[in-house]
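Below is one structure, written out as structure tokens; the observations come after it.
The values are calculated or read from the model by the stated rules, or taken from the named source; none is laboratory data. As the structure is a computational prediction, the values presented were derived from the model and not from experiment. Backbone-built Cβ (ideal geometry, glycine too); neighbour counts: all protein chains shown. What goes into the accessible areas is simple: the full protein's heavy atoms, side chains included, and nothing from ligands, DNA or RNA. Shrake-Rupley method; radii C 1.70, N 1.55, O 1.52, S 1.80 Å.
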Amino acid sequence: MGLLSNRVERHEIKPGDHIYTYRAVFTYSHHGIFVGGSKVVHFRPERNLKSMTETSSNWDDPTSNPCPTFPDCGFRQPNCGVVLSCLDRFLRNGSLYCFEYEVSPSVFLSRIRGGTCTTASADPPETVIHRAMYLLQNGFGNYNVFQNNCEDFALYCKTGLLIQDKQGVGRSGQASSVIGAPLAAMITSPLKLLMPSPVGVATVTAGMYCMSRYATDIGVRSDVIKVPVEDLAVNLGWTCQGEEIAEHETSDRQITTR
């Protein structure tokens, strides 16, 4: 991995690595945890939900498009978005990249695009894999592009950190970039009246954009907490949609019998 790209070859990744690939001509990146054996655990929107970042592709559907190599490719619990896929299905013919942890502030700020690195420390690989496999069986809540997406999933598996403020931006560097870029442009727009040089305005805007990304990184935020994976559902109320429906049906039956 270099300063400008985190691209790696398949033989370079190890179990417990946070990997990602770009989709839709580099429009966005999709993240997951490599668990070994050419398998990746990742988080995606439900098939019956419309998402601005996922298409209606059936790549991860083992019933309509079974994997010829791995019978368990596409495994997921009913109505949950955490999926086990083989590396080929995860990449979808895209290139492979490895997310970096414990980067210095200078390296973080040098990355113009979010969703490639963090200053936070990663936990041991066995802990990372345990979290990913546990969430494969128990879910990671409802998918949300800005607050609970595939990058948030991978970041949690690697660090065990969660944002306490559910109303703000999640851990995702991509989400921070999407919000930070227009915000920086809006804040610096009055400078056009004071700075005759477009280069000066662009430099200030880029600086504010990078600083806004850095301020939302989980490695420097003060509103993050370490939460054991077994306590996620209890502490945050995350359940799969099927469980929620079952609970509502049970409540309805109780009300009817009364």
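Remarks
- Nearest-0.05 FRET efficiency for residue 144 and residue 72, computed from C-beta distance (R0 30 Å): 0.65
- For residue 75, residues with placed amide H under 5 Å, excluding near neighbours: 84
- Computed from backbone phi, the HN-Hα couplings of region 112-124 come to 5, 9, x, x, 10, 6, 8, 7, 6, 8, 9, 7, x Hz, rounded to whole numbers (Karplus: 6.51 cos²θ - 1.76 cosθ + 1.60, θ = phi - 60°; Gly and Pro given as x).
- Extending 7 Å from Cα along the Cβ direction at residue 127 and again at residue 93 yields two label points whose distance is 4.0 nm.
- Förster radius 35 Å - calculated FRET efficiency between residue 5 and residue 65, Cβ distance, rounded to 0.05: 0.70
- Accessible-area order (highest first, 1.4 angstrom probe) of the listed residues 82, 25: 25, 82
- A Förster radius of 41 Å combined with the Cβ-Cβ distance from residue 137 to residue 106 puts the calculated FRET efficiency at roughly 0.55.
- 3J(HN,Hα) along region 148-162: 7, 10, 5, 5, 4, 4, 5, 4, 5, 4, 7, 10, x, 9, 10 Hz, from the Karplus curve 6.51 cos²θ - 1.76 cosθ + 1.60 with θ = phi - 60°, whole Hz, x for Gly and Pro.
- Restricting region 73-140 to GluC sites (Glu not before Pro) in coil, as DSSP defines it, with at most 16 other Cβ within 10 Å: 102
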